[in-house]
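The values are calculated or read from the model by the stated rules, or taken from the named source; none is laboratory data. All figures in this text were calculated on a predicted structure; none of them were measured in a lab. Reconstructed Cβ throughout: ideal geometry from the backbone, glycine too, with neighbour counts over all protein chains shown.
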Amino acid sequence: MNQSQPKILILFYSMYGHVFRMANAVAEGVREADGEPILKQVAELISEEFWDENVKKAKESMKNIPVADPRKDLKGIDGLIVGTPTRFGNMTSQMRNFWDQTGGDWAEGTLIGKPAAVFTSSATQHGGQETTIISTMITLLHHGCILVGLPYSFKEQMTLEEITGGSPYGASTIAGSAGARMPTANELKLAKDLGKHLTTIAKKLAL
(Lines give C-alpha, C1' and ligand atoms only; values in the text may rest on other atoms or scores of the structure.)
Protein backbone atom coordinates (compact mmCIF):
# COMPACT_ATOMS: atom_id res chain seq x y z
CA MET A 1 0.00 0.00 0.00
CA ASN A 2 1.04 3.60 -0.63
CA GLN A 3 0.81 4.81 2.95
CA SER A 4 0.22 8.40 1.82
CA GLN A 5 -2.85 7.39 -0.21
CA PRO A 6 -4.67 4.26 0.93
CA LYS A 7 -7.27 2.86 -1.46
CA ILE A 8 -10.71 2.86 0.15
CA LEU A 9 -13.55 1.03 -1.57
CA ILE A 10 -16.94 2.69 -1.04
CA LEU A 11 -19.37 -0.08 -1.93
CA PHE A 12 -23.02 0.99 -1.99
CA TYR A 13 -26.54 0.33 -3.15
CA SER A 14 -29.00 3.16 -3.64
CA MET A 15 -32.54 3.06 -5.01
CA TYR A 16 -33.73 6.65 -4.59
CA GLY A 17 -30.37 8.43 -4.31
CA HIS A 18 -30.09 8.95 -0.55
CA VAL A 19 -27.27 6.48 0.00
CA PHE A 20 -25.59 7.72 -3.19
CA ARG A 21 -25.45 11.24 -1.76
CA MET A 22 -24.03 9.87 1.46
CA ALA A 23 -21.49 7.83 -0.51
CA ASN A 24 -20.26 10.98 -2.24
CA ALA A 25 -19.83 12.65 1.14
CA VAL A 26 -17.92 9.62 2.40
CA ALA A 27 -15.67 9.88 -0.66
CA GLU A 28 -15.05 13.54 0.12
CA GLY A 29 -13.90 12.56 3.61
CA VAL A 30 -11.57 9.89 2.20
CA ARG A 31 -9.97 12.49 -0.06
CA GLU A 32 -9.63 14.98 2.82
CA ALA A 33 -7.60 12.32 4.66
CA ASP A 34 -5.40 11.89 1.58
CA GLY A 35 -6.95 8.58 0.60
CA GLU A 36 -8.11 7.36 -2.79
CA PRO A 37 -11.87 6.70 -2.82
CA ILE A 38 -13.07 3.97 -5.17
CA LEU A 39 -16.82 4.36 -5.64
CA LYS A 40 -18.69 1.25 -6.82
CA GLN A 41 -22.36 0.30 -6.76
CA VAL A 42 -23.62 -3.25 -6.46
CA ALA A 43 -25.77 -4.74 -9.19
CA GLU A 44 -29.48 -4.00 -9.31
CA LEU A 45 -31.83 -6.98 -9.00
CA ILE A 46 -35.14 -5.23 -9.66
CA SER A 47 -36.24 -5.20 -13.30
CA GLU A 48 -36.56 -1.74 -14.86
CA GLU A 49 -40.23 -2.40 -15.61
CA PHE A 50 -40.89 -2.02 -11.88
CA TRP A 51 -39.00 1.28 -11.45
CA ASP A 52 -41.10 4.34 -10.69
CA GLU A 53 -40.09 7.81 -11.88
CA ASN A 54 -38.13 8.56 -8.72
CA VAL A 55 -36.09 5.39 -9.09
CA LYS A 56 -35.46 6.14 -12.77
CA LYS A 57 -34.22 9.62 -11.90
CA ALA A 58 -31.90 8.29 -9.19
CA LYS A 59 -30.53 5.53 -11.42
CA GLU A 60 -29.82 8.08 -14.14
CA SER A 61 -27.75 10.12 -11.68
CA MET A 62 -25.70 7.01 -10.85
CA LYS A 63 -25.24 5.69 -14.39
CA ASN A 64 -21.53 6.56 -14.49
CA ILE A 65 -20.72 4.71 -11.26
CA PRO A 66 -19.18 1.31 -12.10
CA VAL A 67 -20.94 -1.84 -10.95
CA ALA A 68 -18.81 -3.76 -8.47
CA ASP A 69 -17.44 -7.19 -9.35
CA PRO A 70 -17.63 -9.42 -6.24
CA ARG A 71 -14.79 -11.57 -7.56
CA LYS A 72 -12.32 -8.72 -8.16
CA ASP A 73 -13.08 -5.48 -6.34
CA LEU A 74 -12.24 -6.55 -2.78
CA LYS A 75 -8.65 -7.21 -3.84
CA GLY A 76 -5.95 -4.55 -3.60
CA ILE A 77 -7.84 -2.21 -1.27
CA ASP A 78 -6.72 -0.85 2.10
CA GLY A 79 -10.16 -0.24 3.61
CA LEU A 80 -13.85 -0.66 2.92
CA ILE A 81 -16.97 1.43 3.61
CA VAL A 82 -20.33 -0.18 2.86
CA GLY A 83 -23.48 1.84 2.22
CA THR A 84 -26.88 0.17 2.12
CA PRO A 85 -30.47 1.27 2.75
CA THR A 86 -32.37 -0.51 5.50
CA ARG A 87 -34.70 -3.33 4.53
CA PHE A 88 -36.54 -4.59 7.61
CA GLY A 89 -33.51 -3.91 9.80
CA ASN A 90 -31.00 -5.50 7.46
CA MET A 91 -29.00 -4.81 4.30
CA THR A 92 -30.80 -4.85 0.96
CA SER A 93 -31.02 -8.00 -1.13
CA GLN A 94 -28.81 -6.30 -3.73
CA MET A 95 -26.02 -5.83 -1.18
CA ARG A 96 -26.56 -9.35 0.20
CA ASN A 97 -26.27 -10.71 -3.35
CA PHE A 98 -22.82 -9.10 -3.68
CA TRP A 99 -21.51 -10.53 -0.42
CA ASP A 100 -22.92 -13.98 -1.13
CA GLN A 101 -20.55 -14.13 -4.11
CA THR A 102 -17.40 -13.35 -2.11
CA GLY A 103 -16.63 -16.83 -0.83
CA GLY A 104 -13.34 -16.85 -2.73
CA ASP A 105 -12.08 -13.76 -0.94
CA TRP A 106 -13.33 -15.16 2.36
CA ALA A 107 -11.31 -18.34 1.77
CA GLU A 108 -8.23 -16.35 0.77
CA GLY A 109 -8.54 -13.93 3.69
CA THR A 110 -8.46 -10.93 1.36
CA LEU A 111 -10.01 -8.53 3.89
CA ILE A 112 -8.37 -9.81 7.07
CA GLY A 113 -7.00 -6.86 9.04
CA LYS A 114 -8.59 -4.25 6.77
CA PRO A 115 -10.70 -1.49 8.42
CA ALA A 116 -14.37 -1.46 7.44
CA ALA A 117 -17.34 0.78 8.24
CA VAL A 118 -21.03 0.96 7.35
CA PHE A 119 -23.54 3.73 6.61
CA THR A 120 -27.24 3.45 5.91
CA SER A 121 -30.61 5.11 5.36
CA SER A 122 -34.15 4.36 6.48
CA ALA A 123 -37.58 5.84 5.87
CA THR A 124 -38.19 6.67 9.52
CA GLN A 125 -36.18 7.84 12.50
CA HIS A 126 -36.35 4.44 14.19
CA GLY A 127 -36.53 2.34 11.03
CA GLY A 128 -33.72 -0.10 11.76
CA GLN A 129 -30.64 2.00 11.06
CA GLU A 130 -28.59 0.60 13.92
CA THR A 131 -29.59 -3.02 13.31
CA THR A 132 -28.76 -2.66 9.62
CA ILE A 133 -25.29 -1.35 10.43
CA ILE A 134 -24.63 -3.99 13.09
CA SER A 135 -25.98 -6.90 11.03
CA THR A 136 -23.88 -5.79 8.05
CA MET A 137 -20.87 -5.75 10.35
CA ILE A 138 -21.41 -9.47 11.03
CA THR A 139 -20.57 -10.20 7.40
CA LEU A 140 -17.52 -7.94 7.64
CA LEU A 141 -16.36 -9.79 10.76
CA HIS A 142 -16.61 -13.11 8.91
CA HIS A 143 -14.23 -11.60 6.36
CA GLY A 144 -11.81 -10.63 9.13
CA CYS A 145 -12.29 -6.88 8.92
CA ILE A 146 -11.49 -4.47 11.74
CA LEU A 147 -14.72 -2.61 12.44
CA VAL A 148 -14.74 1.18 12.54
CA GLY A 149 -17.62 3.18 13.98
CA LEU A 150 -18.26 6.88 14.48
CA PRO A 151 -17.14 7.85 18.02
CA TYR A 152 -18.99 10.47 20.02
CA SER A 153 -16.10 12.83 19.34
CA PHE A 154 -18.08 13.48 16.15
CA LYS A 155 -20.58 15.55 18.05
CA GLU A 156 -23.01 16.19 15.19
CA GLN A 157 -24.71 12.90 16.01
CA MET A 158 -25.73 14.31 19.40
CA THR A 159 -27.49 17.43 18.14
CA LEU A 160 -30.97 18.24 19.42
CA GLU A 161 -31.45 20.98 16.83
CA GLU A 162 -32.92 18.62 14.25
CA ILE A 163 -34.04 15.05 13.70
CA THR A 164 -30.93 13.42 12.31
CA GLY A 165 -29.20 10.17 11.55
CA GLY A 166 -25.83 9.17 12.93
CA SER A 167 -24.78 6.92 15.80
CA PRO A 168 -21.58 5.45 17.26
CA TYR A 169 -22.12 2.53 14.87
CA GLY A 170 -21.92 4.63 11.69
CA ALA A 171 -23.39 7.42 9.60
CA SER A 172 -27.00 7.40 8.48
CA THR A 173 -29.79 9.47 7.02
CA ILE A 174 -33.60 9.54 7.27
CA ALA A 175 -35.35 9.49 3.90
CA GLY A 176 -38.96 10.05 4.95
CA SER A 177 -41.86 7.71 4.26
CA ALA A 178 -42.07 8.81 0.60
CA GLY A 179 -38.33 9.27 0.15
CA ALA A 180 -38.64 13.02 -0.26
CA ARG A 181 -36.19 13.97 2.50
CA MET A 182 -32.61 14.04 1.25
CA PRO A 183 -29.59 13.94 3.60
CA THR A 184 -29.17 17.12 5.62
CA ALA A 185 -25.92 19.05 5.95
CA ASN A 186 -25.49 17.47 9.39
CA GLU A 187 -25.91 13.94 8.05
CA LEU A 188 -23.57 14.60 5.13
CA LYS A 189 -20.98 15.95 7.58
CA LEU A 190 -21.19 12.69 9.55
CA ALA A 191 -20.77 10.68 6.34
CA LYS A 192 -17.72 12.73 5.40
CA ASP A 193 -16.31 12.27 8.89
CA LEU A 194 -16.77 8.50 8.60
CA GLY A 195 -14.74 8.45 5.40
CA LYS A 196 -12.03 10.59 6.93
CA HIS A 197 -11.93 8.59 10.17
CA LEU A 198 -11.61 5.21 8.45
CA THR A 199 -8.92 6.46 6.07
CA THR A 200 -6.89 7.77 9.00
CA ILE A 201 -7.13 4.35 10.66
CA ALA A 202 -6.14 2.61 7.40
CA LYS A 203 -2.95 4.66 7.40
CA LYS A 204 -2.16 3.73 10.98
CA LEU A 205 -2.70 0.03 10.30
CA ALA A 206 -0.21 0.20 7.43
CA LEU A 207 2.64 1.41 9.67
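Side notes on the structure shown:
- Qualifying residue in the stretch 116-139 (condition: in a helix (DSSP H, G or I), touching a Leu at 6+ places or on another chain (Cβ under 9 Å) and not polar (S, T, N, Q)): yes
- When the test is whether a residue is more than 17 Å from SER14 (Cβ to Cβ) and modelled with pLDDT of 95 or more, GLY195 does not pass it.
- Residue in the stretch 133-161 that is surrounded by the fewest Cβ atoms within 10 Å (Cβ to Cβ), counting only those that are closer than 13 Å to VAL82 by Cα, touching a strand residue (DSSP E or B) at 6+ places or on another chain (Cβ under 7 Å) and of a type outside the set (A, V, I, L, M): SER135
- Filter result (closer than 14 Å to VAL19 by Cβ and part of a strand (DSSP E or B)) within the stretch 75-115: ILE81, VAL82, GLY83, THR84, PRO85, ARG87
- For the stretch 165-198, the set of residues classified as within 14 Å of PHE20 (Cα to Cα), of a type in the set (Gly, Ala, Ser) and not in a helix (DSSP H, G or I) consists of ALA171, SER172, ALA175, GLY179, listed by residue number.
- Among the residues of the stretch 175-206, the ones that are among the hydrophobic types (A, V, I, L, M, F, W, C) and surrounded by 21 or more Cβ atoms within 10 Å (Cβ to Cβ) come to 7 in all.
- Restricting the first member to the stretch 10-27 and to residues that are free of Cβ contacts under 8 Å to residues at least 40 places away in the same chain, and the second to residues that are of a type in the set (A, V, I, L, M, F, W, C) and in a helix (DSSP H, G or I), the beta-carbon pairs closer than 9 Å and six or more apart or on different chains are ASN24/LEU188; ASN24/ALA191.
- If you go through the stretch 21-52 and keep only what is outside any loop (DSSP other than H, G, I, E, B), under 15 Å from the mean Cα position of the chain (by Cα) and farther than 22 Å from GLY149 by Cβ, you end up with LYS40, GLN41.
- From ILE174, ILE133, residue being over 24 Å from ILE38 (Cα atoms), β-branched (Val, Ile, Thr) and in contact with a Ser or Thr (Cβ under 8 Å, 6 or more places away or on another chain): ILE174
- Residue pairs whose Cβ atoms lie under 8 Å apart, sitting 6 or more positions apart in sequence or on different chains, and linking a residue in the stretch 148-162 that is in contact (Cβ under 8 Å) with a residue 12 or more places away in the chain and under 29 Å from GLY113 (Cβ atoms) to a partner that is among the polar types (S, T, N, Q) and in a loop (DSSP other than H, G, I, E, B), are GLN157/THR164.
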